[in-house]
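Only the coordinates and a few stated rules stand behind these numbers; no lab work does. Values in this document were obtained by computation on a predicted structure and should not be read as measured data. Please note: Cβ atoms are built from the backbone with ideal geometry, for glycine as well, and neighbour counts cover all protein chains shown.
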């Protein structure tokens, strides 16, 4: 018997300022902000929820005794690709309306299920954010 992974439930990003980062993801990408209690006397956590996934947002300088962390946690070192049903030009207009600089795009990229049309920007910590839609509207 072997283990085969079939989905991503959540991932964790490290940020300098949790409030600033979750507000950016809420405002720019439309994610829902949720605060939850992990129990066991640990501090409350903040997550960003979208579709069937979530991103837990951890302060870069989190106390390792209170947070189970990666070996080398740093803010701004993530490359994340998010799917949207919006056309690339709509994404560009939205980003410009909020004063978010566009790094590149729209450009064709290879996604997990085919060709993507991608627009790139950066979050408040400098992580690269790719906002993409599948050609032909595939989900």
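So what is Rg over Rh here for segment 1-61, counting just Cα atoms and using Kirkwood for Rh?
When Rh is taken as the Kirkwood radius, the ratio is 1.05.
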| note | Quick note on 8, 80, ordering by fewest other C-beta atoms within 10 Å, gives 8, 80
| Expressed in nm², what is the orientationally averaged projection area of the convex hull enclosing the Cα positions of segment 70-139? | 5.2 nm²
| request: Take the alpha carbon gyration tensor of segment 21-139, find the square roots of its eigenvalues, order them as a ≥ b ≥ c, and report rounded if a/c is under 1.5; if not, report prolate when a/b exceeds b/c, else oblate. | output: prolate
| message | Restricting to Cα pairs below 8 Å that are 6+ residues apart, what does the relative contact order work out to for the chain? Please round to a whole percent. | response | 22 percent
| Relative exposure of 31, 1, 74, judged by other C-beta atoms within 10 Å (fewest first) | 1, 74, 31
| query | So how do 25, 120, 134 line up by other beta-carbon neighbours within 10 Å, fewest first? | reply | 134, 120, 25
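What does the extension gain come out to for residue 27 and residue 71, with contour length at 0.36 nm per residue minus their alpha carbon separation?
Between residue 27 and residue 71, full extension yields 12.8 nm more.
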| query | Given 0.36 nm per residue, what is the gain on full extension from residue 7 to residue 61 after removing their alpha carbon distance, in nm? | reply | 16.5 nm
